[in-house]
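Reviewing the structure listed below.
Every read-out reported here was derived from the displayed coordinates using simple, explicitly stated rules and does not represent laboratory data. It should be emphasised that the depicted structure is a prediction, and the values quoted were computed from it without experimental measurement. Ideal geometry is used to build each Cβ from the backbone, glycine not excepted, and the neighbour counts take in all protein chains shown.
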Amino acid sequence: MKNQNEGKWEKRWHPLREEWVVYSAHRNSRPWQGGALIKPKASIEYDPTCYLCPGNARIHGHSNPVYKDVFIFENDHPVVGMSAPEFVSANIQTGLYKKESAKGIAKVVCYDPRHNISLSQMKLQNVIKVFESFQSEMIAFENNPAIHSVLIFENKGEAVGVSNPHPHCQIYATDFSFKLVGQQIRIANQYQNEQHKNIYEEIIQNEKKDDVRILAENDHAIAFIPFFARYAYEVMIFPKNHHQSLISLTPAELAALTGVFHQVVRRMDLNFQIDFPYVMSVMQAPVDGKLYPNFRMHLWLQPPYRQPGLIKYLAGPEIGAGNFMADTMPEDKAAELRNINLNEYTLER
Ligand SMILES: [Zn+2]
């Protein structure tokens, strides 16, 4: 059968990064033969050597409580710390080379006491508890004058460098602004000034109009592989109402956002019958007390696989020049995930 994308060369503008993404889907026409390279997830519910399992000792003499659902603690190896030493040059803002102390708080969020489960396998009500804990953390950080920005992120799977399968994510609360959020704020402000429209609302409306890349939707949230996706299974998930962070979502909105997320990760797992790896970032405006009316919070999933065992390696164009060469069309990957029957999901525990 002739691949419908054979000979397709196309570039699409990425409005949130202001760069071209190049699609040459004919390069990926080899059929998927099966997941020989995929290791099954650890089958034990409790691992005595895991530093995230309940009751186990961590380094520096701390022990985990015998927790029952979500458990959050400050990272024993933080990348940023509130007691970071001050530099003499801290206030010198002139000159090309400058350095300052990296102040902040790094936390680990364990989703579940069970070592061998994932967000997709957990019951929705328990995943909602995880997202409620994100919101509670955000409220605390908003009330901490030392914190400027918060990044909540999950690296899932060995394919993105995670050796411990215990389901968890991390929070970096910092005294600086994260680059991609800052870039989106600038671009969203510029779009509002020039077009008198919200850029995220435009993206959502375009996705609804095209109606081929939407993966899940309910009253308060929507998920899609965007028109300008760089990774094959890249997904953006938005609350339908305008929120600059998780803080202002109502309980119903937070549950709906979680529900859409849950459907998406189950579709990903069912598609190749594996625990599908991804990097998820919760994109939120800074919590520095200012308003960012043109920015909209969203969940952003960037899975590294084009198919199991086939990583999208970043090379010359991506690393050397900053433009992505995509090997698949967003519509084709969305069609795969849209065709999944969620009733076939049997791994819920
Ligand atoms: Zn564990």
Three-way shape call for the range 250-320 based on the alpha-carbon gyration tensor, with the a/c threshold at 1.5: oblate
Top positive-direction residue, dipole computed over the range 244-349 with Cβ charges, set Pro277, Ala256, Met325: Ala256
Loop trypsin sites (Lys or Arg not before Pro), the range 296-335, which have at most 12 other Cβ atoms in a 10 Å radius of their Cβ (DSSP): none
Cysteines not pairable in the chain (beta carbon separation under 4.7 Å absent): Cys110, Cys169
At least 18 Å along the helix axis (C-alpha) and Kyte average at least -0.5, DSSP helices within the chain: 124-142, 251-272
Within the chain: Cβ-based charge dipole about Cα centre, in debye rounded to nearest 20 (Lys, Arg +1; Asp, Glu -1): 540 debye
Between the range 291-323 and the range 188-203, the Cα center-to-center distance that results, in Å: 22 Å
Relative contact order computed over the range 114-261 (Cα-Cα under 8 Å; 6+ residues apart), in percent: 21 percent
Under 16 Å from Lys290, Cα to Cα: aspartates and glutamates that are on another chain or at least 8 residues apart: Glu142, Asp175
Cross-link partners of Lys11 among lysines (Cα-Cα below 29 Å; sequence separation of 8 or more within a chain): Lys2, Lys179, Lys197, Lys208, Lys209, Lys240, Lys312, Lys333
Burial order of peptide ranges 255-265, 140-150 (average beta-carbon count within 10 Å, highest first): 255-265, 140-150
Prolate/oblate/rounded call for the range 199-311, Cα gyration tensor, a/c under 1.5 rounded: prolate
Solution diffusion estimate, µm²/s, Stokes-Einstein, the chain, Kirkwood Rh from C-alpha pairs, 10 °C, viscosity 1.306 mPa s: 73 µm²/s
Angstrom value of the Kirkwood radius, inverse mean 1/r, which spans all Cα pairs in the range 96-143: 13.5 Å
Burial order of peptide ranges 195-204, 61-70 (average beta-carbon count within 10 Å, highest first): 195-204, 61-70
